[in-house]
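Structure first, commentary second.
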Amino acid sequence: MRIGELASRVGVSVRALRYYEEQDLLASARSPSGQRQYPDSAVDRVQLIQQLYAAGLPSRAILELLPCVETGDVTPALLDRLSAERDRIDTQVSTLVKTRDRLDAIIITTASTASTARSAGRPCPR
């Protein structure tokens with residue numbers, strides 16, 4: 001598939017795909033006219049790259065990880081690094097859940113106060 005089709009199927013920009021190639025995270029073949037051509041497997045690869053970026057992994061770490069995803073081979077050092085990244089993500093998730101819970105409490109309290117004020121004909125407190 002061509003670069004525009006891959007971008008559309010995965011929901012990323014063409015520029016992002018070119019960047020992934022510059023970082024050696026993604027490879028393409030070239031048609032005789034020089035257009036990038038990607039295999040169907042590129043969809044899954046780009047989705048994984050997107051997930052890893054969203055989780056905060058830098059391109060350097062993603063580059064180290066991708067070969068072990070494809071082959072299943074992993075060094076002890078890489079396994080340690082992946083475990084550390086997973087632990088970092090777990091901490092982020094925990095922090096986000098606590099933040100969400102606090103926001104829920106604020107929303108419930110604020111909604112209750114606003115509803116009481118509205119039913120009494122008063123403006124919502126600020």
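The values are calculated or read from the model by the stated rules, or taken from the named source; none is laboratory data. Values in this document were obtained by computation on a predicted structure and should not be read as measured data. Neighbour counts are summed over all protein chains in view; Cβ atoms, including those assigned to glycine, are modelled from backbone coordinates with ideal geometry. Please note that ligands, DNA and RNA were not included when accessible areas were found on the heavy atoms of the full protein model with its side chains. Shrake-Rupley method; radii C 1.70, N 1.55, O 1.52, S 1.80 Å.
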Carbon and sulfur atoms account, in whole percent of the 1.4 Å probe accessible area of the stretch 55-97, for 63
Based on the Kirkwood radius over alpha-carbon pairs, what value in µm²/s does the Stokes-Einstein equation return for the translational diffusion coefficient of the stretch 45-115 at 25 °C and 0.890 mPa s? 168
Using a Gaussian network model of the chain with C-alpha springs under 10 Å, which one of Thr95, Thr71, Thr113 is most mobile by mean-square fluctuation? Thr113
Solvent-accessible heavy-atom area per residue, rounded to whole Å², over the chain at 1.4 Å: 70
So if I place +1 on the C-beta of Lys and Arg and -1 on the C-beta of Asp and Glu, and nothing else carries charge, what would the dipole magnitude of the chain be about its Cα centre? I want it in debye, nearest 20. 900
Can you work out the Karplus-derived ³J(HN,Hα) for every residue in the stretch 36-49? Use 6.51 cos²θ - 1.76 cosθ + 1.60 with θ = phi - 60°, whole Hz, and x for glycine or proline. 5, 10, 10, x, 4, 5, 5, 4, 4, 5, 5, 4, 5, 4
Is the chain best put as rounded, prolate or oblate by its Cα gyration tensor, with a ≥ b ≥ c the root eigenvalues, rounded for a/c under 1.5, and otherwise prolate when a/b is larger than b/c, oblate when not? oblate
Only four residue types carry charge here, +1 at the Cβ of Lys and Arg and -1 at the Cβ of Asp and Glu. Report the dipole size of the stretch 61-111 about the Cα centre in Debye, rounded to the nearest 20. 340
